[in-house]
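Report on one structure; see the data block that follows.
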Amino acid sequence: VRGRSAAVMTGSNEYKLNQAPEDGVSAVKFSPSAAQFLLVSSWDCTVRLYDVTTNTIRMKYQHSAPVLDCAFYDPTHSWSGGLDAQLKMHDLNTDQDTIVGSHESSIRCVEHCPEVNVMVTGSWDRSVRLWDPRTPCNAGTFTQPEKVYTLSVAGDRLIVGTAGRRVLVWDLRNMGYVQQRRESSLKYQTRCIRAFPNKQGYVLSSIEGRVAVEYLDPSLEVQKKKYAFKCHRLKEEGIEHVYPVNAISFHSAHNTFATGGSDGFVNIWDPFNKKRLCQFHRYPTSIASLAFNNDGTLLAIAASYMYEKGEMSHPEDNIFIRQVTDAETKPK
């Protein structure tokens with residue numbers, strides 16, 4: 001791969017990004033169309049655009065407070081939000097900012113729904129807001145039962161995970177009512193939800209080393225297929241330590257998924273045969289976010305301390321780019 005000579009190689013198939021954020025990494029998201037462009041939001045109040053093939057930073061823009069999430073709308077526009085409660089659209093060609101709108105409290109999640117062509121934000125103000133990216137302007141505010149912690153788009157459906165272990169399924173074409181109200185099948189707080197690329201269901205992780213594989217079709221026949229499993233647990237000196245599962249990312253072609261935990265490990269799972277396909281080496285600190293690129297050949301891994309144990313000296317925040325193969329990601 002050209003331009004790799006300057007990269008700090010951590011193995012033949014993995015390297016660290018240059019000019020990583022100066023504080024915790026909140027999200028990594030690849031471009032939907034270009035395999036090499038990666039957006040990174042951070043507690044250092046920036047959003048950065050990297051070209052991972054040349055390992056260079058292409059652009060950086062600021063918020064007035066830590067940024068909790070970011071997403072591509074299209075190859076040339078990034079959307080982001082965080083503790084300043086302002087939703088920004090940034091033109092990556094002209095380096096121009098637009099403040100599209102705001103929430104009443106911190107914006108926790110930002111996603112694009114290509115099928116309905118809306119941007120979706122979720123906030124600690126207990127609402128989801130839709131935004132028309134063309135104008136851009138607000139296209140509706142929808143009350144949730146609790147603070148929004150995570151959300152994901154499955155075709156024209158929106159899956160929202162809130163405080164209180166609630167899960168809501170909305171139809172983005174008809175937001176007049178909630179399609180399904182669910183409770184997480186895990187006993188502890190929800191950390192991350194990601195929809196299957198085949199749009200049939202979603203994976204939900206909790207702060208207590210567990211992952212649930214869920215299906216959207218409410219029929220008994222389909223609901224029988226759901227299951228949950230323990231992961232990101234380590235036995236150290238005879239004591240089992242249980243870690244939060246912070247990050248989930250799906251491989252777009254194979255419908256397998258990666259999870260990242262506060263144990264510093266990344267696992268890849270085959271949900272159809274209910275088994276782990278592989279585990280990478282242990283990273284220096286918590287895995288805060290994960291993203292496969294659009295063709296599933298690269299995985300961005302944010303190793304970034306999440307203050308699980310409060311203020312203490314910790315490894316620097318880094319983003320690793322790992323080349324992944326079919327042997328690691330394809331159901332066997």
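Out of the residues in the stretch 235-261 that are surrounded by fewer than 17 Cβ atoms within 10 Å (Cβ to Cβ) and at negative phi, which is nearest to the chain's Cα centre (by Cα)?
It comes out as Ser252.
Is there a residue being surrounded by 15 or more Cβ atoms within 10 Å (Cβ to Cβ), part of a strand (DSSP E or B), out of contact with any helix residue (DSSP H, G or I) (no Cβ under 9 Å at 6 or more places or on another chain) and of a type outside the set (Lys, Arg) anywhere in the stretch 304-319? Spell out how you get there, then give the answer.
Within the stretch 304-319, the subset surrounded by 15 or more Cβ atoms within 10 Å (Cβ to Cβ) is 304-306, 314, 317-319.
Then keep just the ones that are part of a strand (DSSP E or B); that gives 318-319.
Imposing the further condition that a residue be out of contact with any helix residue (DSSP H, G or I) (no Cβ under 9 Å at 6 or more places or on another chain) reduces the set to 318-319.
The next check asks that each one be of a type outside the set (Lys, Arg); those that pass are 318-319.
Yes: one or more hits.
I need the strands (runs of 3 or more DSSP E) fully contained in the stretch 69-153, keeping only those with at least 1 residues that are crowded, with 22+ Cβ neighbours inside 10 Å and in contact with an Asp or Glu (Cβ under 7 Å, 6 or more places away or on another chain).
Details: elements: 77-82, 86-91, 96-102, 107-113, 118-123, 127-132, 137-143.
Here the list reads 77-82, 86-91, 107-113, 118-123.
Might you let me know whether the stretch 235-248 holds any residue that is touching a residue at least 60 places away in the same chain (Cβ under 8 Å) and of a type in the set (S, T, N, Q)?
yes
Is it the case that some residue within the stretch 195-202 is open to solvent by 70 Å² or more (accessible area, probe 1.4 Å) and within 18 Å of the chain's Cα centre (by Cα)? If you could, list the steps in order and put the result at the bottom.
As a first pass, look at the stretch 195-202 and keep what is open to solvent by 70 Å² or more (accessible area, probe 1.4 Å): 199-200.
Okay, now just the ones that are also within 18 Å of the chain's Cα centre (by Cα), so 199.
Yes, there is a match, as at least one residue in the stretch 195-202 is open to solvent by 70 Å² or more (accessible area, probe 1.4 Å) and within 18 Å of the chain's Cα centre (by Cα).
Does the stretch 268-285 contain any residue that is closer than 22 Å to Val52 by Cα, outside any loop (DSSP other than H, G, I, E, B) and at pLDDT 95 or above?
Among the residues of the stretch 268-285, at least one is closer than 22 Å to Val52 by Cα, outside any loop (DSSP other than H, G, I, E, B) and at pLDDT 95 or above, which makes the answer yes.
Going through the stretch 178-224 one residue at a time, which ones are touching a residue at least 40 places away in the same chain (Cβ under 8 Å), among the hydrophobic types (A, V, I, L, M, F, W, C) and part of a strand (DSSP E or B)?
If the condition is that a residue be touching a residue at least 40 places away in the same chain (Cβ under 8 Å), among the hydrophobic types (A, V, I, L, M, F, W, C) and part of a strand (DSSP E or B), then Cys192, Ile193, Ala195, Val203, Leu204, Val211, Val213 are the ones that fit.
Quick one: in the stretch 203-234, which of the residues that are farther than 20 Å from Arg276 by Cα and not polar (S, T, N, Q) is surrounded by the most Cβ atoms within 10 Å (Cβ to Cβ)?
Let us first name the residues in the stretch 203-234 that are farther than 20 Å from Arg276 by Cα, namely 216-224.
After this cut, where a residue has to be not polar (S, T, N, Q) as well, the list is 216-218, 220-222, 224.
Working: Leu216: 20, Asp217: 11, Pro218: 11, Leu220: 7, Glu221: 8, Val222: 13, Lys224: 9.
That would be Leu216.
Among the residues of the stretch 294-327 satisfying the criterion of being under 20 Å from the mean Cα position of the chain (by Cα) and of a type in the set (D, E, K, R), which is modelled with the lowest pLDDT? If you could, list the steps in order and put the result at the bottom.
Going through the stretch 294-327, the residues under 20 Å from the mean Cα position of the chain (by Cα) turn out to be 294-308, 317-324.
Okay, now just the ones that are also of a type in the set (D, E, K, R), so 295, 308, 317, 322.
Details: Asp295: 94, Glu308: 78, Asp317: 95, Arg322: 97.
The extreme case among them is Glu308.
Being under 24 Å from Leu172 (Cα atoms) and surrounded by fewer than 23 Cβ atoms within 10 Å (Cβ to Cβ): is that true of Ser31 here? Step through it out loud before you land on a result.
Details: under 24 Å from Leu172 (Cα atoms): yes; surrounded by fewer than 23 Cβ atoms within 10 Å (Cβ to Cβ): yes.
Considered against the rule, which asks whether it is under 24 Å from Leu172 (Cα atoms) and surrounded by fewer than 23 Cβ atoms within 10 Å (Cβ to Cβ), Ser31 comes out as yes.
Hey, could you check the stretch 24-44 for residues that are outside any strand (DSSP E or B) and of a type in the set (A, V, I, L, M, F, W, C) and say which is modelled with the highest pLDDT?
Taking the stretch 24-44 first, the residues outside any strand (DSSP E or B) are 24, 31-36, 43-44.
When the remaining residues are screened for being of a type in the set (A, V, I, L, M, F, W, C), the result is 34-35, 43.
Numbers: Ala34: 89, Ala35: 89, Trp43: 98.
So, considering only residues that are outside any strand (DSSP E or B) and of a type in the set (A, V, I, L, M, F, W, C), the one modelled with the highest pLDDT is Trp43.
Return the residues of the stretch 10-20 that are open to solvent by less than 10 Å² (accessible area, probe 1.4 Å) and either acidic (Asp, Glu) or under 16 Å from Pro315 (Cα atoms) (or both); say none if nothing qualifies. Explain how you work it out, then say what you get.
Narrowing the stretch 10-20 to residues open to solvent by less than 10 Å² (accessible area, probe 1.4 Å): 14-15, 17.
Within the stretch 10-20, Glu14, Leu17 qualify.
So, in the stretch 154-177, of the ones that are charged (D, E, K, R), touching a residue at least 40 places away in the same chain (Cβ under 8 Å) and not in a strand (DSSP E or B), which residue ends up most open to solvent (accessible area, probe 1.4 Å)?
Initially, the stretch 154-177 is screened for residues charged (D, E, K, R), giving 156-157, 165-166, 171, 173.
Next, from what is left, pick out any that are touching a residue at least 40 places away in the same chain (Cβ under 8 Å): 156-157, 173.
Pick out the ones that are also not in a strand (DSSP E or B) and you get 156, 173.
Numbers: Asp156: 46, Arg173: 141 Å².
Here the residue is Arg173.
Count, please, the residues in the stretch 320-329 that happen to be among the aliphatic types (A, V, I, L, M) and buried (at least 18 other Cβ atoms within 10 Å of the Cβ).
Start the filter on the stretch 320-329 by keeping residues that are among the aliphatic types (A, V, I, L, M), which leaves 321, 324, 327.
This time we only want the ones that are buried (at least 18 other Cβ atoms within 10 Å of the Cβ), so: 321, 324.
Number satisfying all stated conditions: 2.
The values are calculated or read from the model by the stated rules, or taken from the named source; none is laboratory data. The structure presented is a predicted model; accordingly, all values stated were derived computationally and were not measured. Every residue, glycine as well, gets a Cβ built from its backbone with ideal geometry; the counts of neighbours run over all protein chains shown. Accessible surface is based on the protein model in full, side chains and every heavy atom, while ligands, DNA and RNA are left aside. Shrake-Rupley method; radii C 1.70, N 1.55, O 1.52, S 1.80 Å.
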